[in-house]
Structures are given as structure tokens and as C-alpha cells.
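Reviewing the structure listed below.
The values are calculated or read from the model by the stated rules, or taken from the named source; none is laboratory data. On a predicted model such as this, the values are computed, not experimentally measured, just so you know. Note: ideal-geometry Cβ built from the backbone for every residue, glycine included; neighbour counts use all protein chains shown. Remember, those area values only see protein heavy atoms, side chains included, never the ligands or the DNA or RNA. Shrake-Rupley method; radii C 1.70, N 1.55, O 1.52, S 1.80 Å.
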Amino acid sequence: MNDNVNGGEAFAGNSGDPFPHQPVLYQEVLNALAPQSGKHYLDGTLGSGGHAEGILLASAPSGMLLGLDLDPKALAIASQRLFPYEERVIIRQGSYQTADEVLQQLEWPHLHGILLDLGVSSMQIDQPDRGFSFLTNGPLDMRFDPEIGRSAADLVNETPEEALSQIIWTYGEERYARRIAKVIVAARPINSTLTLAKVIKEAMPGYGSRIHPATRTFQALRIATNKELETLSSALPRLVSCLEIGGRIAVITFHSLEDRIIKQFFKRESQDCICPPEQPICTCEHQATLQVLTKKPIRPTQEEVKENPRSSSSKLRVAEKIVEA
Ligand SMILES: C[S@@+](CC[C@H](N)C(=O)[O-])C[C@H]1O[C@@H](n2cnc3c(N)ncnc32)[C@H](O)[C@@H]1O
């Protein structure tokens, strides 16, 4: 079941829990995808396989699932968790952006359901050596796949001040982006998470107490390091093309930038005409391919947020394929 994974020992987190990421909006995702036996599913952000296991249970006895993740450690954990379903699961390291190529190689038919649960997992945040957290010390890395691309440290140390400020402003929605970029540039080179957090905190004595002053900058650097928004935007049409008619795509987001991309994509793809409103006659020949099933995003219940505070900003949007493009 586990081609392409580096194997390795499953990460047991700091808690000793072998599956240290609690899937958010779990029941809501299953309700949205309504998995069926005999159908094919994609979990494009497998993580520790919590949602994937739910899809496999609900699509027993013969539903099939392809699980993708960029992170080899996540794949090792998911492989362990999904071992009881090995006849019905294929796990690969790779981006959901190129899921269509994997599906073609596998010669799978069109999918009945796709899940993206975006962003970072609890186990990635809790592993100091991954560099996602400003609360524990580690190398400033932040790559989902630690073998590919430039790390957050490369970005922090090599990006000109103006461009760094733009990254922090755009991806962190940080109003003090200019000041933060300035102090970062003055303190370079910065290679560890706590050094960066300290540099930001010291420059922001009056930041307010609700969130750590480095929160938005860390979010911005993670998004930029992994090119998260570009990946999402370019993947959506490719993913929808893999759905059968009646198949559904469900996406969980954790911040407004991602949610806006999903909302706008679903809106556009559910309209027969996308000409500018001032244009009297339609010339676009656009055809709706999706029906949006969530007018407003589905949010976690109070109980879920209490039990798993990391779910608090999550939003689930779902759409169904209505015609072949
Ligand atoms: C929030 S977690 C998913 C948790 C999962 N639903 C579960 O139940 O355990 C997000 C995962 O997406 C992965 N990821 C981020 N960008 C990706 C991409 N472009 N392609 C594949 N996986 C990606 C991350 O490595 C992380 O493991």
C-alpha cells in the first residue's frame, strides 16, 4: 500500500499518542462526502490519516482511497494507522496539485469524493525540528517536504526588505509588516525559530496580548515557503476535472486567504456566465460545472472547539460536480 514512502518509525509526538493530530470537522466531512462502497476517493492532505480512516470505514467494504501528503513523516504515521485497510488504500508522497497525474498512473476511474484539509498538522507544529512553531526552538525550516525547495530561513535571510515586508503583509495580514521586515533584516542571519520570535517580540512591545506578536509573521513565512496559495489556486480546476458527475469536493481552510480562494473558485464554477456585470451580452461561453452545497462555510461546534482549540478557525466548504467540463 505504501509505495514511495521513506518508511521510518512513526512519530509518537510529545504526548506519546501514535496519531497526534485530531481531525477537525470529522463528522461534517463524512456527511459532506457521503462515502459509498465501490467508489474512489482522494485525501489530498493525508496527515496522520484521521479523515482518511473515516472515509475508508464509511465506504466499506470496497471503497478505495488514494492518500497524498508532502511530508514523509506524516505518511509513515498514516501508513501505520491505515494498515488494517491496506487492500483499499494507496499512499504516495506528493502534492495534491498533481493528484490527477497519480490517478492517471493508477488508472483509477473518476472520483466520488475529494478532501483537502489545508495547512499544517498538530504533529508538524509539535515537532520543534520542523520549525513551524515560535514557542519551541528549532531550525527555521517550515517546509512540508523537508527535501524540496527553499526553507523559511533561506527566505528570511535572502529576501530584500521590501519583498519580505510584502510577504508578511500579504500572507500574514500583518499591519506592522514594514516594521517587522526592518528588524528582521537588521538581525540577519536568523536561523532558528526562537531567535526570529524574539526579534519580532522585542520590536513590538505594544503589540497587544491576544496573540503572540510573531503569529502572523510565522503564518506568512509558512505560506510563502510552501507556496500554499499558488498551489491551491492551480490545483482546484485539476482536482475538479478528476470528479465524476455527482462527486464532491470538500475543503477545510484555516485562514481567510485560503477560504477566499475556495469561495471564489466555487462561485465562479457554479455560474453559467462570468462576464463582467456591466457587459450587456454574454461572450464568455463559460459553463457551470459545480453546485455549491455550502452557502455559508460549516464551522466547528462549540464542543469541538473546546475539545480541540486548533479547530477554532476551521471552515468547511463543499461543492458537487454537475456536468463534465
Ligand atoms: C491539517 S493536516 C491534515 C490532517 C489530516 N486530515 C488528518 O486527519 O490527520 C494538513 C496536511 O497537509 C499536508 N500538505 C500541505 N500542503 C500539501 C500539498 N500541497 N500536497 C499534499 N499535502 C500537503 C501537510 O504536510 C499536512 O500533513
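Tell me which residues, restricted to the range 148-166, are within 20 Å of the chain's Cα centre (by Cα) and either under 17 Å from Thr215 (Cα atoms) or of a type outside the set (Val, Ile, Thr) (or both). Within the range 148-166, Gly149, Arg150, Ser151, Ala152 qualify.
Please verify whether Tyr96 is among the hydroxyl-bearing types (Ser, Thr, Tyr), modelled with pLDDT of 95 or more, within 13 Å of the ligand (Cβ to nearest atom) and open to solvent by 10 Å² or more (accessible area, probe 1.4 Å), treating the condition exactly as stated. So that I can check it myself, show each step before the final result.
On the way: among the hydroxyl-bearing types (Ser, Thr, Tyr): yes; modelled with pLDDT of 95 or more: yes; within 13 Å of the ligand (Cβ to nearest atom): yes; open to solvent by 10 Å² or more (accessible area, probe 1.4 Å): yes.
In short, yes.
For the range 281-325, the set of residues classified as of a type in the set (S, T, N, Q) and on the phi > 0 side of the Ramachandran plot is empty. Evaluation of Asp145 against the conditions (1) within 17 Å of the chain's Cα centre (by Cα); (2) assigned to a helix (DSSP H, G or I); (3) under 19 Å from Ile223 (Cβ atoms) shows that the sole unmet condition is (2). Of the numbered conditions (1) assigned to a loop (DSSP other than H, G, I, E, B); (2) closer than 18 Å to Thr195 by Cβ, Leu164 fails exactly one; give the number of that condition. Leu164 satisfies every listed condition except (1).
List, please: which pairs have Cβ atoms under 9 Å, are six or more places apart or on different chains, and start with a residue in the range 76-93 that is within 12 Å of Ser48 (Cα to Cα) and end with one that is open to solvent by 40 Å² or more (accessible area, probe 1.4 Å) and part of a helix (DSSP H, G or I)? Sorted first by the residue in the range 76-93, then by its partner, the pairs are Ala78/Glu53; Ser79/Glu86; Arg81/Glu53; Leu82/Glu53. Number of residues in the range 106-137 that are part of a loop (DSSP other than H, G, I, E, B) and more than 15 Å from the ligand (Cβ to nearest atom) equals 8. Tell me whether the range 123-141 contains one or more residues that are open to solvent by 60 Å² or more (accessible area, probe 1.4 Å) and either in contact with a Lys or Arg (Cβ under 8 Å, 6 or more places away or on another chain) or under 20 Å from Ile211 (Cβ atoms) (or both). Yes, the range 123-141 contains a residue that is open to solvent by 60 Å² or more (accessible area, probe 1.4 Å) and either in contact with a Lys or Arg (Cβ under 8 Å, 6 or more places away or on another chain) or under 20 Å from Ile211 (Cβ atoms) (or both).
Hey, any hits in the range 269-276 for a residue that's crowded, with 21+ Cβ neighbours inside 10 Å and out of contact with any His (no Cβ under 6 Å at 6 or more places or on another chain)? The answer is yes; a qualifying residue exists.
Residues in the range 215-259 that are open to solvent by 30 Å² or more (accessible area, probe 1.4 Å) and closer than 22 Å to Ile322 by Cβ: Ser233, Pro237, Arg238, Ser241, Glu244, Ile245, Arg248. Among the strands (runs of 3 or more DSSP E) confined to the range 213-325, the ones with at least 3 residues that are more than 24 Å from Phe144 (Cβ to Cβ) and touching a residue at least 60 places away in the same chain (Cβ under 8 Å) are located at 243-253, 315-321.
Looking at the range 52-68, which of its residues are over 16 Å from Gln27 (Cα atoms) and open to solvent by 20 Å² or more (accessible area, probe 1.4 Å)?
The answer is Ala60, Pro61, Ser62, Met64.
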